[in-house]
Amino acid sequence: MSSGRLGAPFGTRIDRTRKVGFQFNGRDYQGFQGDTLASALLANDVRLVGRSFKLHRPRGIFSCGVEEPTGLVDVGEGARRTPNLRATLVEVHEGLVAASVNCWPSVGFDVGAVNDWLSAMLPAGFYYKTFMWPDWHLFEPWIRRAAGLGRASGLPDPDHYEEISAVADVLVVGAGLAGLSCAVAAAAAGASTVLLASSATLGGRLEWRADPRILALVAEARRLDVRILTRTLAFGVFDHNLLCAVESLSSITAGAQRPQGVLRERLWKIRARHIVAANGAFERPMVFPDNDRPGVMLAAAAEKYAYGYGVACGRRVVIASNCDSAYAVASSLRAAGVEIAALVERRPPSDVAAAADGLRVISEAAIASVAGTRAVHGCTVVSVAGGTRPEKIECDLILSAGGYAPAVHLHSQAGGKLRWLDDSAMFVPMARRPGSSASVLAPVCSRRPTRPVMRPSLAGRSPGEAPCRPCPWAASVARSRAPTCRV
Amino acid sequence: MMQLDCPWCGKRDENEFVCGGTTHIQRPPLSASDRDWGEYLFFRDNPKGLHLERWRHASGCGQWFNLARSTVTHDIVSVYAMTDPAPR
């Protein structure tokens, strides 16, 4: 048993009445409307997705969103072949063709995997130092061929791309509970508001939970004429509050018979009086040997695949954790019919606030090794405190819950500094000095949905239950017409 | 990209403008020493912080104006006419 589709109540994002056929590595598969390539592959028990850059290590799907580090695929054919797309962001559509990266002759049997066996002899910079004589350029072509990821088409791009400039009073990045609340508050105060959502749907982490608050906020945002851009990923904040974002249109216009010269992506350059970074947090992985094997995933991702896409990423799960969020994931996966073999808890029992609830918790322990190369089939758990013998546990999925780290990239890019919160074990944005040219504001509530780690008194709440205050400053920001450039 | 406030046209993106370098540089008298002439021609301050500079709205009204800008944060502290004295 391995990954596969769950029964009907699971999968709030997918439409089971609309089947979608796609191809991966030359084989035909079926998914549903609303699936991403990652969820559709997992639903078809395809866990080995690609090979790594240098050592050709087997790689699978690790996350469920923009943070995907390993599930890279080449999508499209001919001139439309686009390399290295994250399978978690590619929406499945009829006739989609995708292929693994960096493997020959196939992803299952890859000649380049010999590099992994020789890895001890291939330290960083090995080539440049070893292949100097007689001439580096003799060796360079085949070294370049052996490494690297996807392949570009090499043909002229048949599609079009456009650029749009826009202005806004308040620009909110992220359409989760925090972002939606901000956008609604700003728009209600009369500010022209733009809301960017990187995914096709609004709601962020609560989206697949079909949270009534999200539905109400979305309706309110539409009523207040908030300009909502979906599938739009903010990638940079520049001088004087210029934010650039790329809107992906290909998934809307995609299809096997796509006409020549459609609009594929749109670059937005938005000059905003205030930018609100409400783009949530990323789950941190736990560190153990071979934690890049297909079948090792982020805990929250497995939960989202189960409830949002109706996909069980595994049937027997070991969770490696150092924080209370793992317990909520464990119980919700169990509710989806997934067996939790063990929860490997790094902390002593006294530090754990969440209820074990019949789970088998191995306290003060860590994963020492992972069994299985192309897919996980077990792991060895050792006690950190010592004293007990290592235990082998059979499993087909290892989930990793190392707490959350707020996505502070936009804030940092705008010159903002971070500060460390000891009680939540995370870096959070520091307030910016007033009047600075780039004002990226992180709303208080953007930090709220991230579950505090290693703090018993606050821990164990799921993001859905986390208290979320409407941003107190959003309305005042919108009212104050103080220009960011003072003249 | 910075946004500059042209005194005639209002806020425009930086790429409509041409920077004319440091402003308020006094031409020395003809009797100045070679050293002073050299300083005048070739040497400029490169401050970390407030910098007074000339800009021209090249793709707009074509007018010159002065600007006080922080080289650290790109805050524009003041925009003033070419004939105005340096702000203090």
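The values are calculated or read from the model by the stated rules, or taken from the named source; none is laboratory data. Quick caveat, the model's predicted, so the values are computed rather than measured. For neighbour counting, all protein chains shown are included, and Cβ atoms are generated from backbone atoms with ideal geometry for every residue, glycine included. SASA here: full protein model, heavy atoms, side chains in, ligands and nucleic acids out. Shrake-Rupley method; radii C 1.70, N 1.55, O 1.52, S 1.80 Å.
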Karplus (6.51, -1.76, 1.60) ³J(HN,Hα), θ = phi - 60°, over the stretch B:5-16, in Hz, Gly and Pro reported as x: 9, 5, x, 9, 10, x, 6, 9, 5, 4, 6, 8
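Once the Cβ-Cβ distance between B:Trp64 and A:Glu162 is put in as r, and R0 is 35 Å, what FRET efficiency do you end up with, to the nearest 0.05? Before the final figure, lay out the partial values.
Values: r = 34 Å, r/R0 = 0.98.
That pair, B:Trp64 with A:Glu162, gives E of 0.50.
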With all protein chains present, the protein assembly as shown has a carbon and sulfur share of its accessible area (1.4 Å probe) in percent of 55 percent
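How big is the Rg/Rh ratio for the stretch A:163-305, C-alpha atoms only, Rh by Kirkwood, two decimals? The partial results should precede the final answer.
Working: Rg = 17.2 Å, Rh = 16.7 Å.
That ratio is 1.03, to two decimals.
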q = 0.23 Å⁻¹: log10 I(q)/I(0) that the Debye formula gives for the stretch A:1-126, counting C-alpha atoms only: -1.38
Binned at 5 Å from 0, what are the whole-percent values of the Cα-Cα distance distribution for the stretch A:118-197, short to long? 3, 10, 12, 10, 7, 5, 7, 8, 10, 11, 8, 6, 3, 1, 0
Using just the helices of the protein assembly as shown, give the 222 nm mean residue ellipticity in deg cm²/dmol: DSSP H runs with n ≥ 4 each add -39,500 (n - 2.57), and the total is spread over all residues, rounded to 500. -4500 deg cm²/dmol
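What ranking of A:Met426, A:Met121 comes out by heavy-atom accessible area, probe 1.4 Å, highest first? Could you put the intermediate results ahead of the total?
On the way: A:Met426 5, A:Met121 130 Å².
Output order, biggest surface exposure first: A:Met121, A:Met426.
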Using every alpha carbon pair in the stretch A:256-344, what percent of pairs falls into each 5 Å bin from 0 up to the bin containing the largest distance? 3, 10, 18, 16, 11, 7, 8, 11, 10, 5, 1
So if I average 1/r over every pair of distinct C-alpha atoms in the stretch A:29-75 and take the inverse, what Kirkwood radius in Å does that give? 11.3 Å
Quick one: the Cα spread of the stretch A:305-353 along its three principal axes, in angstroms, biggest first? 35, 18, 13
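Per residue, how much accessible area does the protein assembly as shown have with a 1.4 Å probe, in Å²?
Numbers: 27130 Å² over 575 residues.
Counting only protein heavy atoms, the per-residue value for the protein assembly as shown is 47 Å².
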Take every Cα-Cα distance within the stretch A:188-253, group them into 10 Å bins from 0 onward, and report for each bin the whole-number percent of pairs it holds. 19, 43, 34, 4
Cα extents of the stretch A:53-200 along the three principal axes, largest first, in whole Å? 69, 34, 30
Please report Rg over Rh for the stretch A:274-409, where both radii come from the alpha carbon positions and Rh follows the Kirkwood definition. 0.99
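Enter the per residue convex hull volume of the stretch B:13-88, computed from alpha-carbon coordinates, in Å³ rounded to the nearest integer.
Numbers: hull volume 8.9 nm³, N = 76.
Output value, Cα hull per residue: 117 Å³.
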By how many nm would the segment from A:Arg419 to A:Ser369 grow when fully extended, if each residue of separation counts as 0.36 nm and the alpha-carbon distance is taken off? 14.6 nm
Total Å² of accessible surface buried at the B-A contact, 1.4 Å probe, nearest 100? 1100 Å²
Which listed pairs, of A:Lys54/A:Lys129; A:Lys417/B:Lys48; A:Lys304/A:Lys392, have C-alpha distances above 22 Å, in listed order: A:Lys304/A:Lys392
Based on C-alpha coordinates, I'd like the Rg and Dmax of the stretch A:74-140, in Å. 17.1, 52
Cut-off under 19 Å on the C-alpha distance; same-chain residues fewer than 8 positions from B:Lys11 excluded. Which aspartates and glutamates are left, in chain and number order? A:Asp169, A:Asp239, B:Glu53, B:Asp75
Output the Cα-based Rg and Dmax of chain A in Å, rounding Rg to one decimal and Dmax to a whole number. 23.4, 70
So what are the ³J(HN,Hα) numbers for the stretch A:104-109, from phi and the Karplus equation (6.51, -1.76, 1.60; θ = phi - 60°), rounded to whole Hz, Gly and Pro as x? 7, x, 8, 5, x, 10
Residue-ordered couplings for the stretch A:180-188, obtained by feeding phi - 60° into the Karplus form 6.51 cos²θ - 1.76 cosθ + 1.60 and rounding to whole Hz (Gly and Pro as x), are 5, 4, 4, 4, 5, 5, 5, 5, 5
Once amide hydrogens are built 1.01 Å from N within the peptide plane, the residues lying 5 or more places from A:Val20 or on another chain with amide H under 5 Å from its amide H are A:Gly31, A:Phe32, A:Gln33
